1. For the chain, what log10 I(q)/I(0) values come out of the Debye formula at q = 0.07, 0.13, 0.14 1/Å, with one point per alpha carbon and no solvent?
2. Tell me what the chain gives for mean residue ellipticity at 222 nm when only DSSP H runs of n ≥ 4 count, each as -39,500 (n - 2.57), the sum divided by the residue total, rounded to 500 deg cm²/dmol.
3. Specify which residue in the list G78, V235, A179 is farthest towards the positive end of the charge dipole of the range 2-307, using unit charges on the beta carbon of Lys, Arg (+1) and Asp, Glu (-1), about the Cα centre.
4. Highest GNM mean-square fluctuation, the chain, Cα pairs closer than 10 Å: which of P112, P190, P265?
5. Could you put L144, L160 in order, starting from the residue whose Cβ has the fewest other Cβ atoms within 10 Å?
6. Given N residues in the range 186-300, what is Rg(Cα) / (2.2 N^0.38 Å)?
7. Hey, in the GNM for the chain with a 10 angstrom Cα cutoff, which one of A294, A258, A241 fluctuates hardest?
8. Test of understanding: ordering H236, H276 by Cβ neighbours within 10 Å, fewest first, what list do you get?
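Laboratory data are not the source of any read-out in this text; all were calculated from the coordinates shown. Because the structure is a prediction, the values reported are computed rather than measured. Cβ: placed from backbone, ideal geometry, glycine included. Neighbour counts: every protein chain shown.
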Amino acid sequence: MVEIFLRTLPFFAIIGLGFWAGRSRFFSPEATAYLTKFVFFFALSAMLFRFSANLPFNEIFDGQLVAGYLWGTAGVYGIGMLVAFLRRLDVPTAAVEAQCAAIGNTGFLGLPMLALLFGEAAIGPIMLILSVDLVVFSSLIVILINGGRDGRLTLATLRLIGIGLVKNPMIVSISAGLAWSAIGLPVPAPMNDFLTILGGAATPGALFAIGASLAERSAERVQIAAWLSFCKLIVHPMLVALAVLWVFPVDAFTASVAISAAALPVAGNVYMLAAHYGVAPQRVSAAILLSTAASILTVPAFIAWVSAP
């Protein structure tokens with residue numbers, strides 16, 4: 001446990017450095033926004049494209065992993081929705097809380113950290129998990145929010161989902177990389193070097209941006225945020241563990257990566273969706289702040305558990 005904690009500590013230290021920069025106003029909110037945009041559209045996209053272009057498709061797709069991760073994530077999503085309905089919340093608000101409980105920071109935190117801790121063999125499962133989150137659950141929340149407001153699923157909502165998927169640089173870069181891999185062409189050395197250099201900025205840039213953005217978060221509605229953080233950091237990885245170890249069993253290494261990915265804190269893009277639709281952004285902000293702070297201890301604990309012989 002101590003060894004794993006020390007190995008993950010540098011990642012959280014960079015997040016802490018970003019938090020200090022944002023809190024002290026050394027990094028303004030505008031600077032944080034532009035850094036996040038650089039990482040999201042350029043550095044992380046370059047990393048994802050290079051990884052997927054250099055991996056055969058059959059090494060990435062794993063039907064059992066998809067089924068297991070979907071089962072576990074849908075389970076915690078359902079728990080989040082159920083508790084929200086018992087508190088008499090409307091469908092859009094319940095959907096946002098469920099999204100907090102189920103969607104982790106796989107792109108900005110999980111991919112660079114887990115790829116380093118578990119090695120390059122973890123890249124395929126992580127990208128598959130990221131794709132499930134982006135395609136399935138990012139679409140689901142749009143359906144629930146718009147359907148909850150309109151009382152029905154409209155063609156405009158489906159069009160909005162389609163446009164959102166096509167314009168998401170993570171999905172585009174993974175898809176383009178897989179297409180390149182499927183063609184069977186090697187990545188030219190100058191192009192690979194370019195992607196390596198640009199993608200190398202993704203890890204420190206993403207971690208620093210996470211910290212700087214946390215400096216703008218508030219800790220309002222702490223009890224609800226604590227419940228959502230508990231769901232994300234504890235319930236989600238436990239349900240995914242149940243799924244990938246017994247319900248839809250995968251090999252031990254893939255299961256370890258999936259459980260560790262499920263243990264990640266609440267993703268920042270949940271706040272972007274909540275703010276865009278004007279649905280409970282304060283509690284999402286608090287859940288991101290609390291879950292990221294608590295994950296300094298919980299993520300190493302789960303990684304140590306799945307790494308135990």
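1. -0.25, -0.92, -1.09
2. Value at 222 nm, helices only, nearest 500: -23500 deg cm²/dmol.
3. Comparing the listed Cα positions along the dipole, G78 ranks first.
4. Of P112, P190, P265, the most mobile in the Gaussian network model is P190.
5. In increasing order of surrounding Cβ atoms, one gets L160, L144.
6. The value comes to 1.30.
7. Greatest mean-square fluctuation among the candidates belongs to A294.
8. By the 10 Å Cβ count, ascending, the order reads H276, H236.
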